[in-house]
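**Student:** Quick one: the structure is below, questions incoming.
Rule-based calculations on the coordinates, nothing more; no lab input. It should be emphasised that the depicted structure is a prediction, and the values quoted were computed from it without experimental measurement. Ideal geometry is used to build each Cβ from the backbone, glycine not excepted, and the neighbour counts take in all protein chains shown.
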């Protein structure tokens, strides 16, 4: 079963938002899904604790910052990673990943802070055959900032899977342990449209 790792060594870029919604998408598709978190704050575990019983089940992947265990067989696995991920922890995470999603905000500071990490992912991708995709976070695809982000990512040979707008929908849903894929589509139609490219990449 696939293992998707959501990673960026910079904090505050939307890793948990992406990880929980990827898990929610797969759960909606009827898959057995587990969600893990190597951050000591365990934000994903907190989110799972808020998830209502009536929502599609998402299991806990028992994992910690010090023990990077392989996911159990038979489940689609999503791993949320902390800021500052590097060294042996990063290497262990990369070894188990089938796909790596990198959330990236379209600012020069975020791009430069992530550059060395993306260079490392480029080397790992060629060596291990892992697919890497970029998701622009809190961005309007019509802006110059989005164009600059796309140009930067293209220079590394990574696909931009989509651009997610800055909206309180993610915040409000997360507060109840929910994702875009747990509510009536009409409530979040604009956001679901932005996820089409990401979902297609996950299913490919």
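**Student:** Translational diffusion coefficient, Stokes-Einstein: compute it for segment 3-203 using the Kirkwood radius over C-alpha pairs as Rh, at 25 °C and 0.890 mPa s, and state it as an integer in µm² s⁻¹.
**Tutor:** Numbers: Rh = 16.9 Å.
Once the numbers are plugged in, D ends up at 145 µm²/s.
**Student:** Counting DSSP beta bridges with both partners in segment 3-203, what percentage is antiparallel, nearest 5? Let's see the in-between values first.
**Tutor:** On the way: 0 of 24 bridges.
Counting DSSP beta bridges with both partners in segment 3-203, the antiparallel share is about 0 percent.
**Student:** Before rounding to the nearest 500, sum -39500 (n - 2.57) across all DSSP H runs of length at least 4 in the chain and divide by the residue total; then give [θ] at 222 nm in deg cm²/dmol.
**Tutor:** Details: 8 runs with 87 residues, N = 204.
Here the helix-only value at 222 nm equals -13000 deg cm²/dmol.
**Student:** Right, next: I need the calculated FRET efficiency for the pair residue 50 and residue 83, taking r as the beta carbon distance and R₀ as 22 Å, to the nearest 0.05.
**Tutor:** Efficiency at R0 = 22 Å is approximately 0.50.
**Student:** OK, next. Kindly rank 78-87, 44-53 from highest to lowest mean number of other beta carbons found within 10 Å of each residue.
**Tutor:** Going from most to least packed, we get 78-87, 44-53.
**Student:** How do 171, 13 line up, fewest other C-beta atoms within 10 Å first?
**Tutor:** 171, 13
**Student:** Round to a whole angstrom and tell me the spacing of the C-alpha centers of segment 159-202 and segment 1-61.
**Tutor:** 14 Å
**Student:** Quickly work out the residue 108-to-residue 96 label distance, labels modelled 7 Å from Cα along the C-beta direction, and quote it in nm with one decimal.
**Tutor:** 3.9 nm
**Student:** Next question, about the same structure. Measure of size requested: the Rg and Dmax of segment 128-204, with Cα atoms as the atom set and Å as the unit; please supply both.
**Tutor:** My reading of the Cα-based Rg and Dmax gives 13.9, 40 Å.
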